[in-house]
1. Which one of THR162, THR248, THR226 has the biggest mean-square fluctuation once the chain is modelled by GNM with Cα springs under 10 Å?
2. With the convex hull built on the Cα atoms of the chain, state its orientation-averaged projected area in nm².
3. Evaluate E = 1/(1 + (r/R0)^6) for THR237 and GLU6, where r is the Cβ-Cβ distance and R0 equals 30 Å; express this FRET efficiency to the nearest 0.05.
4. Could you work out which residue, out of LEU110, LEU150, LEU40, moves most in a Gaussian network model of the chain, that is, has the largest mean-square fluctuation with Cα springs under 10 Å?
5. On C-alpha positions alone, give me the angle between the axis of helix 34-46 and the longest principal axis of the chain, in degrees, nearest 10.
6. Please give me the summed charge of the neighbours of ILE176: other residues whose Cβ is under 15 Å from its Cβ, Lys and Arg +1, Asp and Glu -1.
7. How far is helix 199-225 tilted off the main Cα axis of the chain, in degrees rounded to 10, range 0 to 90?
8. Over the Cα atoms, compute the radius of gyration (one decimal) and Dmax (the largest Cα-Cα distance, rounded to a whole number) for the range 7-67, in Å.
Amino acid sequence: MLSDAETVLLGGTANRGFVVRIGDTVRRPLRASSGATHALLEYLERVGFEGAPRLLGVDEHGREVLSYLPGETVQAPYPAWSMTDAALDSVAVLLRDYHQAVADFRPVGLEWAEPVPDAYVDGLIGHNDPNLDNVVFRDGVAVALIDFDLAGPGSALWDVATAVRLWAPLRPDADIHDVRRGRSPERLRRFADSYGLSEPDRARLVQAAAENHVWCMDYVRRGAETGHPWFHQRWTTGESELTDRTNTWFTQSARTLHQILVR
């Protein structure tokens, strides 16, 4: 039962209803991978990266305590400012800044949450989940990443693929219900440009996004099958069908999207 001082924070699926704010702190459930996540957050603090919460400890209820980052996250119905090209650019820049900050972090012996495909692991510890509700904005500009639960060994390419798949977004136009409809290819290229993605990674980005979609939806499906209530609700209220449509769309659109990126 929540105390009077606790406010449930919206967003997310895996921990929905269990992430609360108390004053200038956020309290979240501990996980098997919390030790690795905490090592990452402590490293980011040491190198002066301002775009992530600070680890403050563990409270009397066994919850991790993080600093609260003021600002807005993007929740449906999406506000107009969050769908602008300027907001998209700022997400790409924030992600690049995170990758630069974490580039020399070389953890050993830590247990991470969810392995990404081996083809997309190059030594960098990725965020692996830069979803719309995992980015904090101030005045329409992305300033911080939150929810590092899926962080772990990955690559810049994998993180960019994750982000652009969700922010462009990369899915059939009929399944885009906001002002981004019809603009996915344009926003895909814009994100790669704003990030400054290397030519070799641009050549692999579409395939990486397609494989990221499969990876992410498999994670949701497994959560549903093991009885997680929010994953089950998500998977059984259209996510399974959307997954199939999107997989088909990637197959049909891959050549065109690739040409837009490398031309």
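Here, each number is a calculation from the coordinates, and none is a lab measurement. It should be emphasised that the depicted structure is a prediction, and the values quoted were computed from it without experimental measurement. Every residue, glycine as well, gets a Cβ built from its backbone with ideal geometry; the counts of neighbours run over all protein chains shown.
1. THR226
2. Details: hull surface 56.0 nm².
Dividing the Cα hull surface by four gives the mean projection, 14.0 nm².
3. Working: r = 28 Å, r/R0 = 0.95.
After rounding to 0.05, the efficiency reads 0.60.
4. Largest GNM mean-square fluctuation: LEU110.
5. Around 90 degrees separate the two axes.
6. Taking every other residue near ILE176 into account, the sum is +3.
7. Here the helix axis deviates by roughly 50 degrees.
8. Every Cα atom of the range 7-67 included, Rg and Dmax give 11.6, 32 Å.
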